[in-house]
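Asks: The structure is given below, and queries will be raised subsequently.
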Ligand code: SF4
């Protein structure tokens with residue numbers, strides 16, 4: 001399959017817009033061995049004793065929210081560290097999901113894994129339980145960067161984990177972070193080479209973000225660590241694009257690269273602004289045009305679900321214009337698909353040029369967007385200014 005022919009999961013029934021009824025499922029597992037310095041996810045260390053109780057609550061929440069065993073095209077179990085669960089708990093989670101949704105025969109089922117928590121038994125449980133894609137959080141192969149990011153695995157854990165998953169999974173992804181404090185362009189180049197040598201079918205490369213409130217942000221705010229200079233970060237991103245393209249990994253989203261046909265189908269749902277189910281601590285869902293998120297407080301989540309209440313926190317129903325603008329921004333993240341004017345009108349019921357023609361023309365005139373009449377896409381220079389281009393659309 002070429003990227004041009006790839007589609008986000010299709011509409012459930014004829015005539016129903018894809019943002020109404022989900023064809024994708026996200027399930028969150030919040031447990032981690034240790035809290036990494038940059039982490040702003042709903043993740044917790046030192047509470048593994050709550051894992052069985054959490055799975056009970058998750059089962060209750062999912063049984064309430066999923067009626068008539070809906071059919072889905074993608075499933076994503078993220079975290080946290082799903083592979084922090086032991087083999088028996090993982091088996092239980094996979095069986096629960098299989099019981100409550102039907103994955104279409106060509107569907108994608110991804111589980112996030114941490115190189116330090118994967119073993120042969122867990123890999124077998126995943127493969128035999130229906131999972132067909134693993135996303136491995138490598139982040140870096142440099143001991144100094146892993147230390148700066150406060151990761152608790154070692155560089156050699158990554159090839160060890162790859163060796164475990166290789167016989168079972170054709171589709172697997174590595175996550176890398178560039179711009180760790182103290183890192184150089186040479187070290188990032190080495191990270192890319194070591195990642196390529198492992199032969200992943202997909203790579204996600206994110207620039208480090210200092211999220212407010214994290215341990216790393218506190219150190220940076222106190223002047224204890226220095227962020228990598230902007231020009232170096234720019235060069236790291238440029239090198240990523242060039243080197244991975246040379247290695248046959250196509251740049252299909254701002255931070256994502258894949259061999260043709262190995263793009264993340266689940267994430268393509270997010271980038272089309274289509275509907276999805278979400279369950280578990282801090283999980284977000286987008287169903288019937290309403291986006292809502294669960295609480296990020298583990299004990300509150302458990303108590304609320306156990307007492308028959310919803311664990312939902314903030315909820316927003318997007319107006320049609322707001323949803324259309326958000327959809328335009330998300331679609332621009334897709335480098336080859338971009339925003340297709342016809343597809344946009346079909347999904348949003350609005351004309352793209354009437355909605356944000358002025359902003360788009362400004363970015364086209366500056367060379368940040370390419371307009372071929374049918375689609376608008378980020379140009380190479382626009383990639384480096386994507387935030388500016390996108391915020392102009394909102
Ligand atoms: S392993 Fe991932 S989710 Fe867990 S603390 Fe580290 S970055 Fe956060």
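Asks: Go through region 66-111 residue by residue and tally those that are away from the ligand (no atom under 16 Å from the Cβ) and either modelled with pLDDT under 95 or part of a loop (DSSP other than H, G, I, E, B) (or both).
Replies: 7
Asks: Only one residue in 278, 308, 282 is buried (at least 17 other Cβ atoms within 10 Å of the Cβ) and not in a strand (DSSP E or B). Which one?
Replies: 282
Asks: Continuing with the same structure: Name the pairs: first residue in region 136-162 and under 23 Å from residue 209 (Cα atoms) and free of Cβ contacts under 8 Å to residues at least 24 places away in the same chain, second residue within 11 Å of the ligand (Cβ to nearest atom) and part of a loop (DSSP other than H, G, I, E, B), Cβ to Cβ under 6 Å, at least 6 apart or on different chains?
Replies: Partner pairs satisfying both residue conditions: none exist.
Asks: Does residue 126 qualify as being more than 22 Å from residue 254 (Cβ to Cβ), in the same structural domain as residue 75 (by TED's automatic domain parsing) and either touching a strand residue (DSSP E or B) at 6+ places or on another chain (Cβ under 6 Å) or free of Cβ contacts under 8 Å to residues at least 24 places away in the same chain (or both)?
Replies: Numbers: more than 22 Å from residue 254 (Cβ to Cβ): yes; in the same structural domain as residue 75 (by TED's automatic domain parsing): yes; either touching a strand residue (DSSP E or B) at 6+ places or on another chain (Cβ under 6 Å) or free of Cβ contacts under 8 Å to residues at least 24 places away in the same chain (or both): yes.
Yes, satisfied.
Listed here are the residues, each with its yes/no results for (1) surrounded by fewer than 17 Cβ atoms within 10 Å (Cβ to Cβ); (2) in contact with a strand residue (DSSP E or B) (Cβ under 6 Å, 6 or more places away or on another chain).
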site: 189; (1), (2): yes, no
site: 202; (1), (2): no, yes
site: 217; (1), (2): no, no
site: 225; (1), (2): no, no
site: 228; (1), (2): no, no
site: 231; (1), (2): yes, no
site: 243; (1), (2): no, no
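Asks: Which condition from (1) exposed (fewer than 15 other Cβ atoms within 10 Å of the Cβ); (2) farther than 17 Å from residue 65 by Cβ is the one that residue 288 breaks?
Replies: All conditions are met except number (2).
Asks: Going by the structure shown, is residue 56 over 21 Å from the mean Cα position of the chain (by Cα) and within 13 Å of the ligand (Cβ to nearest atom)?
Replies: Spelling it out, it is not the case that residue 56 is over 21 Å from the mean Cα position of the chain (by Cα) and within 13 Å of the ligand (Cβ to nearest atom).
Asks: Continuing with this model, one more query. How many of the residues making up region 25-37 are more than 7 Å from the ligand (Cβ to nearest atom) and either in a strand (DSSP E or B) or buried (at least 23 other Cβ atoms within 10 Å of the Cβ) (or both)?
Replies: Qualifying residue count for the region: 7.
Asks: Taking helices (runs of 4 or more DSSP H) that fall entirely within region 181-248, which contain at least 3 residues that are more than 25 Å from residue 379 (Cβ to Cβ)?
Replies: Values: elements: 185-198, 215-221, 230-246.
Passing ranges, in order: 185-198, 215-221.
The values are calculated or read from the model by the stated rules, or taken from the named source; none is laboratory data. Source: prediction; values computed, not measured. In this analysis, Cβ positions are derived from the backbone assuming ideal geometry, glycine residues included, and neighbour counts consider all displayed protein chains.
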